[in-house]
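A.B. asks: Input: one structure, supplied below.
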Amino acid sequence: MKRVAILISGGGSNMVALAESMTGDHPARPVLVASNDPVAGGLAKAASMGIPTAAVDHRPFKGDRAAFEAELLRPILAAEPDILCLAGFMRVLTPDFVGRFSGRMLNIHPSLLPKYPGLHTHQRALDSGDSEAGCTVHEVTPALDDGPILGQARVPVLPGDTAAMLAARVLVQEHRLYPAVLRRYAAGDRTPVRL
Ligand code: GAR
């Protein structure tokens, strides 16, 4: 059985989708949900699901990423994860941290990468006049929102869409895509998932 730690910064809806998927014959189980925000809504949700939680506030470190990550690593290493899933984790990780989990860290990003790495993905898709949008799960490498693509899900952009409307439509697909990719990945299969 693979052990999965999930890093979040916010509401944690992707974390919940992942955690709920890891039952029965699934080859993995959640062992930790950690956040850089002590009041992230997802922490309470994880606790209510019986998953151990940890919070390391990044703000006192005042931009010293290495010092922040050293603290964040403590609960993560203690949980002995085989796989690390970033699920709405909004801190950029150093190459050093990424290197520790090379080949076993996943991220979900709300665009059809390689389009729109970084922030404001939905507004950028609208501004470009794209006819479709979506989300990507990829393996994490030191470059931001880069790395081998493990799955993508597409949605249409509809007339009158706002960024919020598009984000909501994409999020529904994130909740399908990420569990589908994790199940495959935990079983050792890196064939991309297409939804
Ligand atoms: C999700 O849409 C995720 O793709 C995005 O943040 C949201 C988190 O929602 N991630 C990024 O933008 C990463 N740069 P959640 O906390 O409800 O899962």
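A.B. asks: By count of other Cβ within 10 Å, fewest leading, how are H58, H109 ordered?
C.D. replies: H58, H109
A.B. asks: Under a Cβ-Cβ cut-off of 15 Å, what is the net charge of the residues other than G103 that fall near it, where Lys and Arg count +1 and Asp and Glu count -1?
C.D. replies: Neighbour charge sum, excluding G103 itself: +1.
A.B. asks: Here is a follow-up. For L84, what is the net charge nearby, where nearby means another residue's Cβ is under 15 Å from its Cβ and Lys, Arg count +1, Asp, Glu -1?
C.D. replies: My count for the surroundings of L84 gives +2.
A.B. asks: Extending each Cα 7 Å along its Cβ direction at A143 and R194, get the distance between those two points in nm, one decimal.
C.D. replies: Output for this residue pair reads 2.3 nm.
A.B. asks: Among R190, R183, what is the fewest-to-most ranking by other Cβ atoms within 10 Å?
C.D. replies: Details: R190 15, R183 18.
Least crowded to most crowded, the residues run R190, R183.
A.B. asks: A follow-up question, please. Output the Kirkwood hydrodynamic radius of the chain, Cα pairs only, in Å rounded to one decimal.
C.D. replies: 16.9 Å
A.B. asks: So which helices of the chain fit the span-like rule, where a helix is a whole DSSP H run, its Cα atoms reach 27 Å or more along the axis, and its mean Kyte-Doolittle is at least -0.5? Numbers along the way, then the final one.
C.D. replies: Values: long enough: 163-186 (33 Å, 0.34).
Counting only whole DSSP H runs, the qualifying helices are 163-186.
A.B. asks: So what is the 222 nm mean residue ellipticity for the chain from helices alone, if each DSSP H run of at least 4 adds -39500 (n - 2.57) and you divide by all residues, rounding to the nearest 500 deg cm²/dmol?
C.D. replies: Rounded to the nearest 500, it is -11000 deg cm²/dmol.
A.B. asks: List the lysines whose Cα sits under 18 Å from the Cα of K45, skipping any in the same chain fewer than 8 residues away.
C.D. replies: Counting by Cα, and skipping residues close in sequence, K45 has no lysines nearby.
A.B. asks: Rank L18, L113, L43 by mean-square fluctuation in a GNM of the chain with C-alpha springs under 10 angstrom and give only the top-ranked residue.
C.D. replies: Top of the fluctuation ranking is L113.
A.B. asks: What is the order of M15, M90, M105, fewest Cβ neighbours within 10 Å to most? Before the final figure, lay out the partial values.
C.D. replies: Details: M15 29, M90 15, M105 23.
Fewest to most other Cβ atoms nearby, the residues stand as M90, M105, M15.
A.B. asks: Something else now. Can you give me the C-alpha center-to-center distance between the range 28-58 and the range 117-195, rounded to a whole angstrom?
C.D. replies: One Cα centre to the other: 23 Å.
Computed from the coordinates by the stated procedures, all read-outs in this text should not be read as laboratory data. On a predicted model such as this, the values are computed, not experimentally measured, just so you know. Note that each Cβ is placed from the backbone with ideal geometry, even for glycine, and that neighbours are counted across all protein chains shown.
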